[in-house]
Amino acid sequence: MKRLLILLVCFLALTAQAQTDTTAVGALRFGYLSYDSALYAMPDYAIAQQKLATLRTKYDTEQKRVEEEFNRKYEEFLEGQRDFPPSILRKRQTELKDMMERNVAFRQVGQDELRRAELDLMEPLHQRLSTLLATIARRRGLAFVLNTDANTVPYINPLQGEDLNQAVRDALNK
């Protein structure tokens, strides 16, 4: 028990000394901002979102057309199934099954392509923002920049951290 108490006292003394040394040399400074807000403030963000919306609308329109076509064929099948000879009935069932599988595959391909398009459109924006943040941080002598989105940093001491939100917005609008 005494050893634990001695270790605790030594640890506290070393921590206090380290804090004193840090203050004497100069505290580590950092910046913070909402990355999402900065991203949304980029002029090219709205353009990228519009391109994604247009592409999404095209896929949605095609998906709706394909579903309507399937529903029409399915209704025709239901209306005539009692009168079809067995070979035509099997053929129509196979056609409907194939059509449904193609529709499911098209939906999956469409979702994959939308995700890929979003990544392709957003990557240059993320790169530009990262470069801008690095430039601002270097100019201001900051050791690092924290992202405050999603309450990841619930408290920041304003004496040690610098809010970069406005500086980034200003730089983006130049």
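Coordinate-derived values only; no laboratory data. In this text the structure is predicted, and so the values were computed from the model without any measurement. Every residue, glycine among them, receives a Cβ derived from its backbone with ideal geometry; neighbour counts consider all protein chains shown.
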(Q) For a Förster distance of 22 Å, can you work out the FRET efficiency between the beta-carbons of residue 109 and residue 72, rounded to the nearest 0.05? (A) 0.45
Q. Where in the chain are the helices, taken as whole DSSP H runs, whose Cα atoms extend 27 angstrom or more along the long axis and whose Kyte-Doolittle mean reaches at least -1.0?
A. 2-25, 86-139
Q) Looking at the chain from every direction and averaging, what is the projected area of its Cα convex hull in nm²? A) 20.1
Q. Can you list the chymotrypsin sites (Phe, Trp or Tyr not before Pro) in segment 73-150 that are in a DSSP coil and have 13 or fewer other beta carbons within 10 angstrom?
A. 144
(Q) Can you compute the label reach from residue 97? Point 7 Å from Cα along the Cβ direction, backbone N cut-off under 13 Å, restricted to segment 75-91. (A) 89-91
Q. How large is the helix-only mean residue ellipticity at 222 nm for the chain, computed as the sum of -39500 (n - 2.57) over DSSP H runs with n ≥ 4, divided by its residue count, in deg cm²/dmol to the nearest 500?
A. -27000 deg cm²/dmol
Q. Taking every eigenvalue of the Cα gyration tensor of segment 89-131, multiplying by 5 and rooting it, what semi-axes result, largest first, whole Å?
A. 41, 4, 4
**Q.** Built amide H within the under 5 Å cut-off of residue 162, gap 5+
**A.** 30, 31, 32
**Q.** Rounded Å value of the spacing that divides the Cα centres of segment 75-116 and segment 129-174
**A.** 54
